[in-house]
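The values are calculated or read from the model by the stated rules, or taken from the named source; none is laboratory data. Computed from a predicted structure; not experimentally measured. Every residue, glycine among them, receives a Cβ derived from its backbone with ideal geometry; neighbour counts consider all protein chains shown. Note: areas computed on protein heavy atoms with side chains; ligands, DNA, RNA excluded. Shrake-Rupley method; radii C 1.70, N 1.55, O 1.52, S 1.80 Å.
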Amino acid sequence: MTTTEPAPTEERPIGFGKLLRKEDPRLIRGMGNFVDDIQLKGMLHLAILRSPMAHAKIVSIDKSAAEAMEGVVAVVTGEDLAGHGLAWMPTLSNDVQAVLATDKVRFQHQEVAFVVATDRYIARDALEQIDVEYEWIDPVVDVRTAMNPDVPVIRTDLEGKTDNHVFDWETGDAAATQAVFDNADVVVKQEVIYPRSHPAPMETCGCVADLNRVSGQLNLWSTTQAPHAHRTVYALVAGLPEHKIRVIAPDIGGGFGNKVPIYPGYVCAIVASLLIGKPVKWMEDRTENLVTTGFARDYVMQGEIAATKEGKILAIRTDVLADHGAFNGVAAPVKYPAGFFGVFTGSYDIEAAYCSMKAVYTNKAPGGVAYACSFRITEAVYLVERMVDVLALELDMDSAELRLKNLIKEDQFPYETKTGWVYDSGNYEPALRKAMEMAGYDELRREQAEKRERGELMGIGLSFFTEAVGAGPRKDMDILGLGMADGCELRIHPTGKAVVRLSVKTQGQGHETTFAQIVAEEIGIPPEDIEVVHGDTDNTPFGLGTYGSRSTPVSGAAAALVTRKVRDKAQIIASGMLEVSVADLEWNKGSFSVKGDPSKSVTIQDIAMKAHGAGDLPEGIEGGLEAQICYNPENLTYPFGAYICVVDVDPGTAEVKVRRFIAVDDCGTQINPMIIEGQVHGGLADGVGMALMQMISFDEDGNCLSGSLMEYLIPTALETPDWETGHTVTPSPHHPIGAKGVGESATVGSPPAVVNAVVDALRPYGVKHADMPLTPSRVWEAMQGNHTPPI
Amino acid sequence: MQVPAPFEYERATSVEQAIALRAKLGDEARFIAGGHSLLPMMKLRLANPEHLIDINDLEELFYIKEEAGEIRIGAMSRHRDLLDSELLYQHFPIFRDAEKLIADPVVRNRGTIGGSLCQADPAEDLSAVCATLGATCVIKSETGERVVDMKEFHVGPYETAVGDAEMLTEIRIPTASNGGSAYEKVERRAGDWAVVSSGASVWMDGDTITAGRVGLAAVGDNTTQLDGVAELLAGKTASEELYTQAGELAAASCSPQTDNRGTEAYKRHLAMELTRRSLRRAVARAQGQEA
């Protein structure tokens, strides 16, 4: 049988190119299937009682009134869980976290008890009937006081703990860096704070747990970015046999790292299903999501740069105080307690670098790695890009010129940084020059000079970032002992249609399209004929999931390589069909033909039918056309980009208007430029949000003041300009298709561009630095010389 | 999903019936108009009314009309209606200024002027708008109706002259020629509550302000109309110096507090700056210099 495929066009690429997203028709029509859409027979609803205080001893809990309510099936406290050995669970950083508080509460809104009831309203109403007596303990709120000898110890649960210390960490060479600083012409110093923020995905976290008491099977529909990793952790925590656990992540409404950790609510739902023998649903409300689940950032960074008076950067040094909240719940490879903050040397060729860091506990929600941060590269890039502008101001040098003078040169790649990271490939200067050209940089500077004459405030901010994504090589990187490799399985059906099964999981990034295109590019089957299956541990190979921009660098490589493996087998079958040797065949995307005689060819669809059909196959070849692999990346990939932001500041009200934003990204080989552009747009909006309005803040008693979207502000179309995007392409040398990943580039790269632009606008007021979020009030205070840290 | 505590629900079919229901159910009952303040408070369980009386069917309260030398606005007029009304804009452009910046289209499609004035949130805009225009409010009860000015109506944050068995039904604004009005607001983000807002209305004779009023929102109690500023403006020639003087007086007449929206010092600065701007624009409009 011969099938004829229509020729590829620009609208219908067979492989890479712009292509409408395959998942969008169902999502746009409201036909998605999210966790909260799951309805099971006899399903009960769980609601969690949370602490009103940030730090308090639990004196007593009276649950009798709640238990007596009609429709309430169970009320469970920490003490009840302790009876089953389930009151505490491990975090992804080898700390422990309370599932339900037993001894004391350690942050406001911490989980204290849960109610299971026949509907969600009754469950919520019953929480009001649980009477908890608390005894106040002074909270540790200001991270700068956490190590003071007189403050209360938060983690009294840890044996022998006498302070609020989590870890010390360092990287680079302290002595060599000191030597460079000692002899430098110019040294600049600045405290730079990246305040606590939150990813605030549109869909909050939740799950439906269905534990069958007879078979012992646990089916868990869950908002998870990492279904396989979660399955293994549940097996380790709850002692459930792993083959009896099926984790299903259906459609996920945004993750941004918020859905990597395992939260107490998931464990509560599983325990409830186990105790009651019925399916149990738990879904957070908006407040619960904002105030208890994985926050992001919260680094207080002392930055220093040593340079020559001509503007050659010699060394970068930083000392960081990291607020980890009440439990160390950081989701990062275990050997990297500070994530990939070690890339704080940025995109510059320097002589020495050193970072020291102290992480501490405070009475705040746990988390720390989230919000598209690429394991703390947001903080690293913000630090270095802010500091380069501080240096430019000190030297009275144009900030673009200073960057151009110091960027790593094309011929220096692969480039090993002074903190040991090997940047795989890069060509930085053309990216920055392209952004400057798109912006009309020189003209903008002229306009700014004229406006300054008239007292108008216009700012131009640059940022050049290097990302490190695609964790990671299993020799270095694991989460709780699980290597960060990813599997992929491809089956070609007899009629030439295909199904590819991934270990990663989209939360909106477009995997169902991108991965179909990767397979299509390698084997010539149109993307619409390739089904992408993901998010179900029973139906996909093992792997660590989607976060840290790792899907394309790791799973994308796996998809390309598994397809090549299938294609190799197809070539052998084709050689039999065409009665020539394998070496005499050439591949034209979608078919094999005999070298020198293109009329003699077979399509991949013909081969698929042959592989499953009647008749002999070449000797030693089994029937079928499928393969599975597990890809272990050789190195991270290092996307980069050059961003320019133009702002206008109203001198009377201090309101900041982002007038233009130019973003040139290089993520290596582009699979679907439309999806890349969408990812960049989203990240740029994140950056504007963080730079200008977002912060999770607390009062002095540790009350979280950002518990709703009325207080925690997300930018709208009115705060974001028409994005001007461009790209360069520098493929990764070690990735099979040269792709690098782009999911977090813009979130990482954009905040410093916005802040640099605002600080640049305020130069006539003598402002050298101002911390995010740059709300009108904070900008005005900076103009008055009253800038205060956002702590 | 955030869920409110249990409550009973009634749907009123006339103003009389709504007031009768309210009189019967007492202070545990609340009218619900657009619901964009009350429902979020109920979901957060900051408000737990036992009964809601839905007045969205009271079509008799949906109107904006000119009558007896006044613009009369039915209490159920939506923000969207106030924003779109050419009649209102022609007489009082301050409404369109303010409405453009109240929340977002979704809220404006439902929220009402009556709901806003009765909620009396300290950061709410329409109380200052109505106060600067010298509006009066019609309050009905089972026994009749009374008409009060804004000073009497707006008692303080979350507190108005409307009693438990009463309903605000209409807002009346006297029309006069040679007037101009404007509203200025700073918010952290579109749709956020005001950091500070300032509204100004002036009536002019040539370059002279025969009467003028300024009101502020989000800067503490009793700022919806500033008597001192009105006294300052009366009979003065419009000038930048006068706007600055008025602005400084406005800043001195309010009591803002430091919070996540801004510091006290910044809010006082904005009270000054925004009052200058709203007055400048109101005068320009009165003089036909700006649409």
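Any chance you could count how many residues in region A:123-144 are open to solvent by 40 Å² or more (accessible area, probe 1.4 Å), outside any loop (DSSP other than H, G, I, E, B) and out of contact with any Ser or Thr (no Cβ under 9 Å at 6 or more places or on another chain)? Selection size over region A:123-144: 4. Of the residues making up region A:270-278, at least one is assigned to a loop (DSSP other than H, G, I, E, B), away from chain B (no Cβ under 14 Å) and open to solvent by 10 Å² or more (accessible area, probe 1.4 Å).
None of B:GLU86, B:GLU145, B:GLU99 is more than 14 Å from chain A (Cβ to nearest Cβ) and within 28 Å of B:GLN17 (Cα to Cα) except B:GLU145. Taken together, the residues in region A:33-87 that are surrounded by 18 or more Cβ atoms within 10 Å (Cβ to Cβ) and more than 30 Å from A:GLY508 (Cβ to Cβ) amount to 21.
Can you give me the number of residues within region A:187-228 that are in contact with a helix residue (DSSP H, G or I) (Cβ under 7 Å, 6 or more places away or on another chain) and open to solvent by 20 Å² or more (accessible area, probe 1.4 Å)? So the answer is 6. Taken together, the residues in region A:441-497 that are closer than 30 Å to A:GLN571 by Cβ, among the small types (Gly, Ala, Ser) and within 24 Å of the chain's Cα centre (by Cα) amount to 3. Scan region A:724-736 residue by residue and report those that are open to solvent by 20 Å² or more (accessible area, probe 1.4 Å) and under 16 Å from A:ASP424 (Cα atoms). Selection gives A:THR728, A:VAL729, A:THR730, A:PRO731, A:PRO733, A:HIS734, A:PRO736.
Limited to region B:251-291, what total is found for residues that are under 19 Å from B:TRP203 (Cα atoms) and away from every other protein chain (no Cβ under 14 Å)? Of the residues in that region, 10 qualify. For region A:632-660, a residue qualifies if it is within 14 Å of chain B (Cβ to nearest Cβ), in a strand (DSSP E or B) and touching a Gly at 6+ places or on another chain (Cβ under 8 Å), and exactly one does: A:VAL649. Tell me, yes or no, whether region A:661-675 has at least one residue that is within 14 Å of chain B (Cβ to nearest Cβ), touching a strand residue (DSSP E or B) at 6+ places or on another chain (Cβ under 8 Å) and open to solvent by 10 Å² or more (accessible area, probe 1.4 Å). No, that holds for no residue.
Can you find a residue in region A:565-580 that is part of a strand (DSSP E or B) and either acidic (Asp, Glu) or touching a Cys at 6+ places or on another chain (Cβ under 8 Å) (or both)? Within region A:565-580 (the criterion being part of a strand (DSSP E or B) and either acidic (Asp, Glu) or touching a Cys at 6+ places or on another chain (Cβ under 8 Å) (or both)), the answer is no, since none of the residues qualifies. A:LEU218 meets all of the listed conditions (1) without any contact (Cβ under 8 Å) to a residue 60 or more places away in the chain; (2) within 30 Å of A:ARG286 (Cβ to Cβ); (3) over 32 Å from the mean Cα position of the chain (by Cα) but one, namely (3).
Yes or no, residue by residue, for (1) over 17 Å from B:TYR63 (Cβ atoms); (2) over 15 Å from the mean Cα position of the chain (by Cα); (3) at pLDDT below 95; (4) of a type in the set (A, V, I, L, M):
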residue	(1), (2), (3), (4)
B:SER127	yes, no, no, no
B:THR132	yes, no, no, no
B:ARG146	yes, yes, no, no
B:PRO157	yes, no, yes, no
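Report whether or not A:LEU684 is over 15 Å from A:PRO201 (Cα atoms), touching a Lys or Arg at 6+ places or on another chain (Cβ under 9 Å) and buried (at least 24 other Cβ atoms within 10 Å of the Cβ). For A:LEU684, the condition - over 15 Å from A:PRO201 (Cα atoms), touching a Lys or Arg at 6+ places or on another chain (Cβ under 9 Å) and buried (at least 24 other Cβ atoms within 10 Å of the Cβ) - is not met. Can you name the condition, by its number, that A:LEU490 falls short on among (1) within 20 Å of A:VAL649 (Cα to Cα); (2) in a strand (DSSP E or B)? If we test A:LEU490 against (1) within 20 Å of A:VAL649 (Cα to Cα); (2) in a strand (DSSP E or B), just (1) comes out false.
Among the residues of region B:3-38, those identified as open to solvent by 70 Å² or more (accessible area, probe 1.4 Å) and either farther than 17 Å from B:LYS140 by Cα or within 12 Å of chain A (Cβ to nearest Cβ) (or both) are B:PRO6, B:PHE7, B:GLU8, B:TYR9, B:ARG11, B:GLU28, B:HIS36. Among the residues of region A:517-524, at least one is farther than 30 Å from A:PRO261 by Cβ and under 24 Å from the mean Cα position of the chain (by Cα). What residue, among those in region A:699-723 that are away from chain B (no Cβ under 11 Å) and touching a Pro at 6+ places or on another chain (Cβ under 9 Å), is most open to solvent (accessible area, probe 1.4 Å)? Here the answer is A:GLU700.
One residue stands out among those in region A:592-629 that are among the charged types (D, E, K, R) and touching a residue at least 24 places away in the same chain (Cβ under 8 Å): the one that is nearest to A:SER503 (Cα to Cα), which is A:GLU626.
When the strands (runs of 3 or more DSSP E) confined to region B:1-79 are screened for residues that are touching a His at 6+ places or on another chain (Cβ under 8 Å), those reaching at least 3 such residues are found at B:8-11. Look at region A:765-791: where a residue is facing chain B (nearest Cβ under 10 Å) and outside any loop (DSSP other than H, G, I, E, B) and a partner is open to solvent by 50 Å² or more (accessible area, probe 1.4 Å) and modelled with pLDDT under 95, sitting 6+ places away or on another chain with Cβ atoms under 9 Å, you get A:SER777/B:ASN260; A:ARG778/A:HIS787; A:ARG778/A:THR788; A:TRP780/A:ASN786; A:GLU781/A:HIS787; A:GLU781/A:THR788. Here A:GLN507 clears all of (1) in a strand (DSSP E or B); (2) open to solvent by less than 30 Å² (accessible area, probe 1.4 Å); (3) not acidic (Asp, Glu) except the condition numbered (1). Remark: B:THR244 matches the filter, which requires a residue to be of a type in the set (Ser, Thr, Tyr), within 12 Å of chain A (Cβ to nearest Cβ) and farther than 15 Å from B:ALA182 by Cα.
Of all the listed residues (A:THR102, A:THR177, A:THR162), the sole one being farther than 30 Å from A:TYR354 by Cα, away from every other protein chain (no Cβ under 14 Å) and not in a strand (DSSP E or B) is A:THR102. Please go through region B:64-87 and pick out each residue that is open to solvent by less than 80 Å² (accessible area, probe 1.4 Å) and at positive phi. Passing the criteria: only B:GLY69.
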